[in-house]
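This report refers to the structure that appears directly beneath it.
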Amino acid sequence: MKATQIGICGVAIHAPQRSDSRSLEESIYAVTWAALRDAAYDIDDVQGIVVAGNDELDGRAISIMMASGSVGGVDRDILSTPSSAEHAFVLGALRIASGQFDNQLVVGWSPVEVDSFNDALKIGTDPYWHRALPQDELATHGLQASVLEDKVPGIRKTAAAIVRKNRTHGAIAYPDRPLGPVEEAFIASGRPTRWPLTDTMVTAPGYGLVAMVLASEDTIARRKSTNVAWIRGMGWATEPGFIGDRDLSKLPSLEAACKQAYEAAGVKNPGTAFDVAEVADGTPYHELLAYEGLGLCKREAWNEFVASGTPAKGGKLPVNLSGGALSFNPVFCAGLVRIAEAANQVRGRAGAHQQPDAKRAVAHAASGPAMHYNTVVVMDGGKP
């Protein structure tokens, strides 16, 4: 049996300045309907829904119960992925690939109402060891950055350059959002948070929501949908649960995810295969690891790669033209935003930060302590 091609035909990304202008339920409703309108769908056209919400961040025992009404899930097939929002995308695509569904609505969100973001996320860690340290996600990111600074000389200056690059991109993509500093010297010498990270190297959690409509090839043809991003390959993998069991300077899970996605998409030379990339950048060191794991640049060439302007706007392979999480950081759904931004690039719907003639893109999402989860999606705007 021929595997069905799956396309992304509707995308909506909401980055509101305030979280108190309307309730979370109202915001989820708004982003859902924005994606449906973009796909020329009505809620009655949707066969299944996958949502991604974090109970601790939402302040609710079972987030899917709160969201069901907002996303149209009452009396409709609906599932939830509490691990991270990019996994909702994977699950939605797999449900269509199974042949049981013609389409899926995928919705993720990340609110900021909690008193302490780090304390909320620590609830999801091992209660006997990690939570007691205390080991929040930012601490694990700092450990990872420290290991990389030891392994790769000159990387701190390069990390500051990535922050400047992404925030320069973010000023174009999200001009109404306040951004952090862009001066490299100031970025590298900010106030330490989790060494060697400084407060200027990371972006505070932001309020964000994202929704996407996925459909099978036959459904897209029948509905005559246009501006479709076709999923050519997809892969995902997970690191060991205990930080002490890992070599934080490497990401074998990203390599495994890439192998799955690239084999499915027929990617032979990733360094020249893509017109644009959206990658995880919770810290600039994350983006560097993504360069290597995705096959875009070996670590020995990281400093030169960034200094040459290759991953900047106008470069040979622009990375994070949206500004990435270093500009806008809705922590729980930042990975799904990367996928949505890459999809919009090949759909020609990225707006002010559109890469001219973007035909093929790679999206990378990483979440959890020190990039625990890794997901890779290859897509293009060609024919099914």
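The values are calculated or read from the model by the stated rules, or taken from the named source; none is laboratory data. In this text the structure is predicted, and so the values were computed from the model without any measurement. Using ideal geometry, Cβ is built from the backbone for each residue, glycine included, and neighbour counts are taken over all protein chains shown. These accessible areas exclude ligands, DNA and RNA; they are computed on the full protein's heavy atoms, side chains included. Shrake-Rupley method; radii C 1.70, N 1.55, O 1.52, S 1.80 Å.
Computed quantities for the displayed model
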| read-out | value |
| --- | --- |
| Residues with amide H under 5 Å from that of V276, placed H, sequence gap 5 or more | R360, V362 |
| Stokes-Einstein D for segment 247-289, Kirkwood Rh over Cα pairs, 37 °C, 0.692 mPa s (µm²/s) | 278 µm²/s |
| Charge dipole (debye, nearest 20) of segment 245-360; +1 at Cβ of Lys and Arg, -1 at Cβ of Asp and Glu | 320 debye |
| Of all accessible heavy-atom area on the chain, the percent that carbon and sulfur account for (1.4 Å) | 53 percent |
| Spatial separation of Cα centroids for segment 177-216 and segment 245-299, in angstrom | 20 Å |
| Cβ-placed point charges (K, R +1; D, E -1), dipole of segment 191-275 about Cα centre in debye, nearest 20 | 240 debye |
| Added length on full extension, which subtracts the Cα-Cα distance from 0.36 nm per residue, K259 to R177 | 25.9 nm |
| Positive-end extreme of charge dipole, segment 297-384 - chosen from C333, G382, G348 (charges on Cβ) | G382 |
| Selected from L121, G92, A159, residue furthest toward positive end of dipole (the chain; charges at beta carbon) | A159 |
| Kirkwood-based Rg to Rh ratio, segment 23-95, C-alpha trace | 0.94 |
| For G48, distant residues with modelled amide H under 5 Å away | N103, L105 |
| Pairs from K250/K383; K122/K313; K157/K259; K259/K313; K259/K316 whose Cα-Cα separation, in the structure shown, is over 29 Å | K250/K383; K122/K313; K157/K259 |
| Dipole moment magnitude, nearest 20 debye, the chain about Cα centre, only Lys, Arg, Asp, Glu C-beta charged | 1120 debye |
| Per-residue [θ]222 nm for the chain (sum of -39500 (n - 2.57) over DSSP H runs n ≥ 4, rounded to 500) | -10500 deg cm²/dmol |
| Segment S23-L94, length gained on full extension (0.36 nm per residue, minus Cα span) | 22.4 nm |
| Amide proton proximity set for N329, modelled H, under 5 Å, gap of 5+ | G206 |
| Per-residue ³J(HN,Hα) for segment 151-163, Karplus 6.51 cos²θ - 1.76 cosθ + 1.60, θ = phi - 60°, Hz, x for Gly and Pro | 7, 10, x, x, 6, 5, 5, 5, 4, 5, 5, 5, 4 |
| Counting all C-alpha pairs of the chain, share separated by more than 32 Å (%) | 27 percent |
| Residue-by-residue Karplus 3J(HN,Hα) for segment 137-149, coefficients 6.51, -1.76, 1.60, Hz, glycine and proline x | 4, 5, 5, 5, 5, x, 4, 5, 5, 5, 4, 5, 5 |
| In Hz, Karplus ³J(HN,Hα) per residue of segment 240-252 (6.51, -1.76, 1.60; θ = phi - 60°; x = Gly, Pro) | x, x, 9, 4, x, 8, 10, 9, 5, 7, 9, 9, x |
